[in-house]
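Below you'll find the structure, written out as structure tokens, and then a few comments.
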Amino acid sequence: MSEPSRVVCPLCPLHCDDVVVNADGSVQANGCEIAESAGSLMNQMARADEATLAPIAACEQPIRVITSGVDLVAARQLVQWQSDGAIAVEIESDPSVQAIGTVTRRDGIVAATLSEVVAHADLVWLIGEVNPAWPRLEEKLRLESVGSGASVGKRHGKRWERWTADFAGRMHHAIEHPEATEEGSEFQTRSSHFRDSQYAAIVIGPGAFDADEAEMTAAMVARIIRRRNELARCVCVTLDPAATLRSVHAWRTNESLAPMMSGSEIDSTSVIRLVGIGHRRSGDRPVDLQIGGHDPGEEQAKAFLPASPWTTSMVIRGDGSVTLPLQVPDALSVESPTAIEQLQKVLRETGQAIC
């Protein structure tokens with residue numbers, strides 16, 4: 001019997017490097033639901049035949065391929081097919097992560113890697129659906145026992161489900177003008193911790209801001225960070241599932257890859273969702289075909305093809321700090337097609353001219 005394999009997780013932008021894959025395909029990752037679901041992804045039934053793929057075959061315009069992120073091999077192939085005119089690639093991004101990225105590119109921000117936060121931060125603010133999206137992030141940041149306002153040693157931590165633009169503005173005012181802040185209020189408590197810190201880290205997760213005002217709120221968070229750096233260290237941290245795809249597209253085309261915000265409309269062009277890194281099922285829009293991930297049902301995907309999450313490739317961690325190797329676990333005796341291999345097969349069967 002094969003020995004368990006220890007590999008890098010391909011499903012989340014945190015890319016934990018201590019995931020154990022057993023010979024039966026089951027995964028152990030310290031209770032991470034995302035990683036441990038990998039074993040069931042290859043055992044699903046396909047829902048794709050000539051009838052369901054007919055709209056894709058009849059599409060005259062480049063097929064739209066939307067994805068939250070992919071590995072290096074898949075990214076190179078997608079960019080090549082886009083250059084050849086066979087597909088149009090778009091990033092399906094969370095509005096909050098997209099907003100902080102937009103503000104960063106426009107105004108700049110002070111960022112940090114996860115290791116820097118672990119080594120130096122005495123205050124960590126977590127905003128958004130951090131735990132559902134990146135289940136082991138708090139473990140990696142050594143915040144396992146930090147509650148809503150607790151501390152570990154000298155490190156304070158606080159979690160918020162969401163910040164509105166008004167909340168961000170009031171927090172900024174409380175930090176800048178403590179004398180005008182209501183006594184005993186949350187703003188007084190949190191701003192006091194913030195001013196007392198020597199190295200604060202603000203972690204932006206999916207759903208951190210209201211979608212309608214995400215960019216406005218992100219701009220205020222960036223302002224808080226910039227102002228704090230006049231007196232002490234303050235950094236912004238987020239994990240971008242599309243870090244690898246963005247990098248490949250930039251160095252191959254010298255252009256930024258178009259984002260697709262969660263609320264955007266799908267036009268009459270055929271759409272394929274390629275499930276890779278950081279895909280979240282909530283808020284999925286209907287597509288003609290989904291490749292990889294869990295079958296979302298006919299209402300969300302007219303056709304479905306399962307794909308193996310395991311591939312021999314490379315990936316950039318979501319904080320942009322390190323490149324990690326991906327591999328097919330030695331413990332697995334059966335190899336299944338990856339999402340990019342399934343997409344290649346579909347494009348050929350539908351008559352698309354691809355290399």
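For the reader, a short list of remarks on this structure follows.
- Relative to the globular-protein estimate of 2.2 N^0.38 Å, the Cα radius of gyration of segment 96-237 stands at 0.96.
- Proximal aspartates and glutamates to residue 345, defined as alpha-carbon separation beneath 17 angstrom and excluding residues fewer than eight positions away on the same chain: 49, 50, 84, 288, 335
- Per-residue ellipticity at 222 nm from helix content only, as computed over the chain with -39500 (n - 2.57) for each DSSP H run of at least four residues, stands at -9000 deg cm²/dmol.
- Taking all protein chains together and a 1.4 Å probe, the residues 187, 209 rank 187, 209 from largest to smallest accessible area.
- Divide the volume of the convex hull around the Cα atoms of the chain by the residue count and you get 136 Å³ per residue.
- The heavy atoms of residue 17 present about 100 square angstrom of accessible area, all protein chains included, probe 1.4 Å.
- Sorting 335-347, 87-99 by average packing, meaning the other beta carbons within 10 Å per residue, from highest down gives 87-99, 335-347.
- Ordered from largest to smallest accessible area (heavy atoms of protein chains, 1.4 Å probe), the residues 210, 49 come out as 49, 210.
- Electrostatic bookkeeping for residue 96 treats Lys and Arg as +1 and Asp and Glu as -1; over the other residues with beta carbon under 11 Å from its beta carbon, the sum is -4.
- Between the residues 114, 188, 133, the greatest Cα displacement towards the positive end of the dipole of segment 96-237, with unit charges on the Cβ of Lys, Arg, Asp and Glu, is found for 114.
- Whole-number D in µm²/s for segment 1-96 (Stokes-Einstein; Kirkwood sum over Cα pairs; 4 °C, 1.567 mPa s): 79 µm²/s
- Derived scalar couplings ³J(HN,Hα) [segment 16-23; Karplus, 6.51 cos²θ - 1.76 cosθ + 1.60; whole Hz; x for Gly, Pro]: 4, 9, 10, 7, 9, 10, 8, 4
The values are calculated or read from the model by the stated rules, or taken from the named source; none is laboratory data. Keep in mind it's a predicted model, so treat the numbers as computed, not measured. Glycine gets a Cβ as well: all are built from the backbone with ideal geometry, and neighbour counts include every protein chain shown. Quick note on the areas: whole protein, heavy atoms, side chains included, nothing else; ligands and nucleic acids left out. Shrake-Rupley method; radii C 1.70, N 1.55, O 1.52, S 1.80 Å.
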